[in-house]
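The values are calculated or read from the model by the stated rules, or taken from the named source; none is laboratory data. Note that the structure is a prediction, hence the values are computed from the model and not measured. Neighbour counts are summed over all protein chains in view; Cβ atoms, including those assigned to glycine, are modelled from backbone coordinates with ideal geometry.
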Amino acid sequence: MTDDERINLAREKELATVSPLYRGIYARAYSGQSRAAAVHAFCLRCTGDKRDEVRRCSSYACQLWPCRPYQTDIAEDVDVPNEKQ
């Protein structure tokens, strides 16, 4: 089996576990032509494909946190500690 075949097989298995609602996002991410879709898919996978959890993400140290989809105003959804010195 070639590397490309292994990659495609792994991606097919992953897509089979994804909600039909989000399969298009994952397919665009796998195409390599949409970095936004890749971030979107990563965030969804990280939260178990739960859109509301992506919106309320509190993984502030994640490099993708500023780029996550479904953002709302941070003051509305998350409790960021004050940086008092």
Within the stretch 56-85, the residues that are modelled with pLDDT of 90 or more and either touching a strand residue (DSSP E or B) at 6+ places or on another chain (Cβ under 6 Å) or among the polar types (S, T, N, Q) (or both) are SER58, SER59, GLN63
When every residue in the stretch 8-32 that is over 14 Å from the mean Cα position of the chain (by Cα) and not hydrophobic (A, V, I, L, M, F, W, C) is compared, the one farthest from LYS50 (Cα to Cα) is ASN8
